[in-house]
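Enquirer: Let me begin by handing over the structure; questions about it come next.
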Amino acid sequence: MEQDRPPPQVVGVTLCDSAPLLWRVQDLKEVRARGLVGGLVGSLPRTPRQNGRLGRPLLLLPEEERLLTELHAKANANQGAGGVQLRLQVQQHQEEQKRSFEEQKIIALQDRKSALLRAMTSSHTDSAASDESLRGRLEALDRSFTFPRSALAVQLSTSRAGLHHCSEDRAFLRAQQPITVQDDPRAAARYQVFGDLRGRGFYLTSAGKFGGDFLVYPGDPLRFHAHFIAVVLSLDLSLSPLDVLAVARLGSNVKKTVLLCSPGRGGGVLYTSLQWSGMV
Amino acid sequence: MADQNKTGTDAKFYNEILSPSELFAARSRSHKIPVRGQKDFFPDDSDEQRQRLEQSLTEHWSLISEERVEKLGNLVKATWVPSEKVVELQSPAGKFWQTMGFSAGGKQFLFPEEALYLMECGNVQVFYQELPLSIQDGYEKFLSSSTVRLQEYQVFGHLKRLGYVVLRFDPSSETSSYAKQLNLPQSHDRSGKQLKRKRSASPTTPSSHTEAQEESTADRMEEDTCSRESQEDKKYPESHRAISPKTSSTQTATASPEDGGGGTTWWMEDVVGERSDQQPASAASRWDFSSIFFPDLGASRELLSSCLASPHPSLLPGALAVGVCDVDPWRSRINLRDVKMSLKEQMREEEKRKRRSDINKNREVRNCRNWAEYRELMERREERRSKGRPAHLWDGEVTPLHDPRQPIPTGELLDKISVIKSTNLLEGASRLQASDEWRISFNVYQPDTVADFKKSNQGKPYARMCVCSFDGPVPDLRAIKQLAFRSGDVPVVFAVVDYGDISFYTFKDFQLPTDVFL
């Protein structure tokens with residue numbers, strides 16, 4: 001359903017060591033809105049030293065990348081800033097940091113004043129004498145207040161597009177034609193299954209740890225458990241019963257149904273699932 | 001500028017830059033991670049579900065979109081040196097220096113993966129061409145096949161976030177198990193290389209440099225080992241091999257004149273001062289054991305001075321320097337009393353000596369007048385011994401594995417009759433040709449809380465990491481053997497990266513237990 005509407009926004013994908021990564025929150029949201037989940041691989045800024053919740057960048061599956069490419073919704077955004085403007089950019093960066101320092105200094109002073117004000121007014125509610133002392137204290141604060149440079153809060157930007165000195169225009173966000181069509185039959189089969197399941201509204205993630213190709217979620221993985229483990233097999237592949245039993249046993253152990261997915265010639269996919277039937 | 005244009009449509013791409021007021025407000029930001037609620041089983045299109053999803057997504061995006069904000073005073077400043085593929089610190093390092101980084105030429109450096117991890121933790125701000133690098137810049141500039149690949153960095157980051165100390169694996173710095181047994185000092189200077197993470201004043205690209213070196217050392221080792229048959233020789237470090245008798249026999253011509261007579265006192269019993277005029281003998285010298293005297297500290301109590309001179313330099317491997325040894329504290333630790341045996345013990349000793357009688361004392365043997373008679377005697381004895389052994393079984397070329405008249409424990413018997421012996425991972429591993437397909441990426445040490453880690457004395461790693469992915473093949477026995485050999489007695493762990501997920505696997509040697517029932 002999401003695919004039917006015209007792409008409102010082209011997604012900027014950068015390549016890092018040939019892996020497709022997304023950096024801007026806007027792009028992450030856009031991709032999620034298309035039902036693509038990806039995998040977060042960076043440290044979470046809020047609490048970096050844990051593995052439970054990770055942060056940007058978002059790593060795309062090859063199938064997700066290809067789907068975006070075919071929807072003309074992907075653009076490579078690897079270009080860096082031009083060298084000519086470098087001096088200008090450095091200057092700009094320094095000026096902005098200076099301005100940020102001045103502004104933060106003012107804010108910090110205001111912050112201290114209002115804190116003082118709160119403390120004073122809560123203890124002494126009446127009397128003109130306290131008013132007098134308050135004014136005196138505020139003036140003293142004005143005089144003595146220092147804001148050292150080390151207290152300046154700076155941003156360690158996550159995405160480069162967010163960096164003002166890298167004045168990247170949005171020209172690079174033009175959609176590109178699909179560059180390479182993989183001719184690896186295995187990749188092609190995986191993509192066909194991925195596209196079919198996504199088209200049916202399922203959310204997919206990689207299922208390496210479950211011994212399959214994809215984990216299939218009925219809705220957004222944030223709110224739902226995966227129901228199926230999709231295993232992509234070509235139709236003409238003869239399968240040993242032991243292998244079938246092994247994946248089926250694994251699936252039942254993690255309370256998921258194993259889907260054997262075989263792409264057909266017409267673009268459709270044949271799904272087979274296995275269930276233990278207890279005969280008593 | 002960023003705060004004003006938030007309302008504008010153009011702001012979309014630039015709203016990830018925080019305004020000064022936002023930067024200031026970030027000081028009092030929460031560091032808690034919202035807890036995820038129970039998931040639903042199936043979407044039912046209900047409003048509650050939609051609401052919960054909405055809330056989860058909002059929470060998710062607010063967490064994901066958060067930017068790193070640090071006080072300038074808490075940030076270590078550093079610059080990216082692309083030609084060397086390292087990051088040079090510009091301000092004093094923080095606590096991370098205990099487990100990361102290296103010094104060279106009076107400067108402090110971080111490897112790209114270390115710098116990137118510290119950028120992600122908000123500890124280090126890296127500049128390039130005087131502009132701060134974003135995390136994205138870090139990923140794109142630092143990670144490559146010539147430094148650390150993205151997948152390797154994912155494993156590195158995962159382990160670092162768990163608290164492990166993770167260092168690059170450098171095969172050339174690993175000592176052989178033989179050297180470890182002997183407790184030899186590590187002879188790094190041999191290749192002109194200092195300790196593992198120290199570098200020369202002009203550091204080259206770390207990875208390619210070490211790789212080339214490792215390759216050549218490996219090759220050299222391989223050649224050397226091929227030319228030698230005996231198992232022990234393989235493990236000799238080069239410095240040691242040089243003075244082994246085998247090679248020395250071909251080099252006697254160059255031997256220094258002093259050991260030509262073969263009567264050198266190897267262990268100098270003379271006083272300390274005279275040591276200096278002993279010229280260090282060349283590495284090639286005969287090992288005449290009759291002339292190598294080991295000091296008997298107990299017996300020569302009166303003869304020896306309290307100081308023991310150092311052994312002859314040619315007896316020592318490679319770079320080992322041994323000073324004068326003060327033997328007094330050692331002597332106080334030995335039992336210097338004379339051995340007093342009881343009568344019973346003396347008799348037992350006597351008995352033992354009798355039993356060890358040589359063949360000529362045997363009466364039957366003495367009665368033999370010539371070789372023929374002796375041979376006859378031996379034959380008679382053999383016949384007596386083999387009585388009860390069917391000749392058709394024992395006289396042929398192929399004989400039973402065990403003579404049933406010889407009693408041995410059941411366990412040993414089982415071992416004796418097992419025709420196909422079980423093997424272990426390291427068997428024959430040293431003979432395998434090195435391949436590039438599989439390599440160890442990192443040494444992993446346990447977190448600070450478990451063990452004290454010192455960069456200068458790293459000790460034995462907890463595990464070694466080999467990074468691979470589900471797209472690649474499963475390591476075959478050859479690869480596993482090779483990696484196990486490289487790793488020595490440290491377990492090799494395979495970190496399998498599946499996009500965002502990482503799973504860890506180990507292949508373990510397994511000995512089937514033998515049950516012996518009595």
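The values are calculated or read from the model by the stated rules, or taken from the named source; none is laboratory data. Keep in mind the model is a prediction, meaning the values are calculated, not measured. Cβ atoms come from the backbone with ideal geometry, glycine included; neighbour counts cover every protein chain shown.
Enquirer: Could you please find all residues in the stretch B:123-141 being in contact with a helix residue (DSSP H, G or I) (Cβ under 6 Å, 6 or more places away or on another chain), part of a helix (DSSP H, G or I) and acidic (D, E)?
Expert: B:D137
Enquirer: So which residues in the stretch B:468-518 are among the hydroxyl-bearing types (S, T, Y) and touching a Lys or Arg at 6+ places or on another chain (Cβ under 8 Å), if there are any at all?
Expert: Taking the stretch B:468-518 first, the residues among the hydroxyl-bearing types (S, T, Y) are B:469, B:487, B:499, B:503, B:505-506, B:514.
B:S487, B:S503 - these are the residues of the stretch B:468-518 that are among the hydroxyl-bearing types (S, T, Y) and touching a Lys or Arg at 6+ places or on another chain (Cβ under 8 Å).
Enquirer: Okay, next question. Would a scan of the stretch A:14-26 turn up a residue that is closer than 30 Å to B:E70 by Cα, in a helix (DSSP H, G or I) and modelled with pLDDT under 95? Break it down into steps so the answer makes sense when it comes.
Expert: At the first step, the residues of the stretch A:14-26 found to be closer than 30 Å to B:E70 by Cα are A:14-17, A:19-26.
With the extra rule that they be in a helix (DSSP H, G or I), the set shrinks to A:25-26.
Adding the requirement that they be modelled with pLDDT under 95 leaves A:25-26.
Among the residues of the stretch A:14-26, at least one is closer than 30 Å to B:E70 by Cα, in a helix (DSSP H, G or I) and modelled with pLDDT under 95, which makes the answer yes.
Enquirer: What are the residues in the stretch A:49-58 that are surrounded by fewer than 22 Cβ atoms within 10 Å (Cβ to Cβ) and in contact with a helix residue (DSSP H, G or I) (Cβ under 8 Å, 6 or more places away or on another chain), if any?
Expert: Within the stretch A:49-58, A:R49, A:Q50, A:N51, A:R53 qualify.
Enquirer: Scan the stretch B:132-174 residue by residue and report those that are of a type in the set (A, V, I, L, M) and within 30 Å of A:R87 (Cα to Cα).
Expert: As a first pass, look at the stretch B:132-174 and keep what is of a type in the set (A, V, I, L, M): B:133, B:135, B:143, B:148, B:150, B:155, B:159, B:162, B:165-167.
Within the stretch B:132-174, B:L133, B:I135, B:L143 meet the criteria.
Enquirer: Pick from the stretch B:126-142 the residues that are surrounded by fewer than 23 Cβ atoms within 10 Å (Cβ to Cβ) and touching a strand residue (DSSP E or B) at 6+ places or on another chain (Cβ under 7 Å): which of them is nearest to A:H93 (Cα to Cα)?
Expert: My answer is B:P132.
Enquirer: Answer yes if at least one residue in the stretch B:58-74 is more than 13 Å from every other protein chain (Cβ to nearest Cβ) and either in a helix (DSSP H, G or I) or on the phi < 0 side of the Ramachandran plot (or both), and no otherwise.
Expert: Filtering the stretch B:58-74 down to residues more than 13 Å from every other protein chain (Cβ to nearest Cβ) leaves none.
Taking every residue of the stretch B:58-74 in turn, none turns out to be more than 13 Å from every other protein chain (Cβ to nearest Cβ) and either in a helix (DSSP H, G or I) or on the phi < 0 side of the Ramachandran plot (or both).
Enquirer: Continuing with the same structure: On the basis of being at the interface with another protein chain (Cβ under 9 Å from one of its Cβ atoms) and touching a His at 6+ places or on another chain (Cβ under 7 Å), does B:K32 make the cut?
Expert: Numbers: at the interface with another protein chain (Cβ under 9 Å from one of its Cβ atoms): yes; touching a His at 6+ places or on another chain (Cβ under 7 Å): no.
No, not satisfied.
Enquirer: For the stretch B:81-93, what are the residues that are within 31 Å of the chain's Cα centre (by Cα) and either over 13 Å from B:M119 (Cα atoms) or not β-branched (V, I, T) (or both)?
Expert: At the first step, the residues of the stretch B:81-93 found to be within 31 Å of the chain's Cα centre (by Cα) are B:81-89, B:93.
The answer is B:V81, B:P82, B:S83, B:E84, B:K85, B:V86, B:E88, B:L89, B:A93.
Enquirer: Taking the residues in the stretch B:94-122 that are of a type in the set (S, T, Y) and outside any loop (DSSP other than H, G, I, E, B) as candidates, determine which candidate is farthest from the chain's Cα centre (by Cα). Explain how you work it out, then say what you get.
Expert: So in the stretch B:94-122, the residues of a type in the set (S, T, Y) come out as B:99, B:103, B:117.
Checking the rest, the ones that are also outside any loop (DSSP other than H, G, I, E, B) come to B:103, B:117.
Working: B:S103: 23, B:Y117: 25 Å.
Across the stretch B:94-122, the extreme among qualifying residues is B:Y117.
Enquirer: Restricting to the stretch B:129-144, name every residue that is without any contact (Cβ under 8 Å) to a residue 40 or more places away in the chain and more than 7 Å from chain A (Cβ to nearest Cβ).
Expert: Once the filter is applied, which keeps residues that are without any contact (Cβ under 8 Å) to a residue 40 or more places away in the chain and more than 7 Å from chain A (Cβ to nearest Cβ), the stretch B:129-144 yields B:P132, B:G138.
Enquirer: Any residue in the stretch B:454-461 that is within 29 Å of B:H158 (Cβ to Cβ), within 12 Å of the chain's Cα centre (by Cα) and free of Cβ contacts under 8 Å to residues at least 24 places away in the same chain?
Expert: Yes, the stretch B:454-461 contains at least one residue that is within 29 Å of B:H158 (Cβ to Cβ), within 12 Å of the chain's Cα centre (by Cα) and free of Cβ contacts under 8 Å to residues at least 24 places away in the same chain.
Enquirer: State which residue pairs qualify: first residue closer than 15 Å to B:F470 by Cβ and inside the stretch A:195-220, second residue part of a loop (DSSP other than H, G, I, E, B) and small (G, A, S) in any location, beta carbons under 7 Å apart, and separation of 6 or more residues or different chains.
Expert: A:D213/A:A207; A:F214/A:A207; A:L215/A:A207; A:L215/A:A226
Rundown of residues vs (1) touching a residue at least 24 places away in the same chain (Cβ under 8 Å); (2) more than 8 Å from chain A (Cβ to nearest Cβ); (3) farther than 19 Å from A:L58 by Cα, yes/no style:
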{"position": "B:K107", "(1), (2), (3)": "no, yes, yes"}
{"position": "B:E120", "(1), (2), (3)": "yes, no, no"}
{"position": "B:F127", "(1), (2), (3)": "yes, yes, yes"}
{"position": "B:T147", "(1), (2), (3)": "yes, yes, yes"}
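Enquirer: Now for a different question. Can you tell me how many residues in the stretch B:420-433 are in a loop (DSSP other than H, G, I, E, B) and either of a type in the set (S, T, N, Q) or over 34 Å from the mean Cα position of the chain (by Cα) (or both)? Step through it out loud before you land on a result.
Expert: Just the residues of the stretch B:420-433 that are in a loop (DSSP other than H, G, I, E, B), to begin with: B:420-428, B:432-433.
Keeping just the survivors that are either of a type in the set (S, T, N, Q) or over 34 Å from the mean Cα position of the chain (by Cα) (or both) gives B:422-424, B:433.
Qualifying residue count, the stretch B:420-433: 4.
Enquirer: Output the residue which, of all residues in the stretch A:22-43 that are under 28 Å from B:N123 (Cα atoms) and more than 7 Å from every other protein chain (Cβ to nearest Cβ), is surrounded by the fewest Cβ atoms within 10 Å (Cβ to Cβ).
Expert: Across the stretch A:22-43, the extreme among qualifying residues is A:G38.
Enquirer: Determine whether the stretch A:256-265 contains at least one residue that is surrounded by fewer than 16 Cβ atoms within 10 Å (Cβ to Cβ) and more than 31 Å from the chain's Cα centre (by Cα).
Expert: Yes, the stretch A:256-265 has at least one match.
Enquirer: Are any residues in the stretch A:263-280 without any contact (Cβ under 8 Å) to a residue 40 or more places away in the chain and not β-branched (V, I, T), and if so, which ones?
Expert: Of all residues in the stretch A:263-280, those without any contact (Cβ under 8 Å) to a residue 40 or more places away in the chain come to A:264-266, A:270-272, A:274-280.
If the condition is that a residue be without any contact (Cβ under 8 Å) to a residue 40 or more places away in the chain and not β-branched (V, I, T), then A:G264, A:R265, A:G266, A:L270, A:Y271, A:L274, A:Q275, A:W276, A:S277, A:G278, A:M279 are the ones that fit.
Enquirer: So, B:Q55, is that one within 12 Å of another protein chain (Cβ to nearest Cβ), assigned to a strand (DSSP E or B) and of a type in the set (S, T, N, Q) or not?
Expert: Details: within 12 Å of another protein chain (Cβ to nearest Cβ): yes; assigned to a strand (DSSP E or B): no; of a type in the set (S, T, N, Q): yes.
Taking the combined requirement at face value, the residue does not satisfy it.
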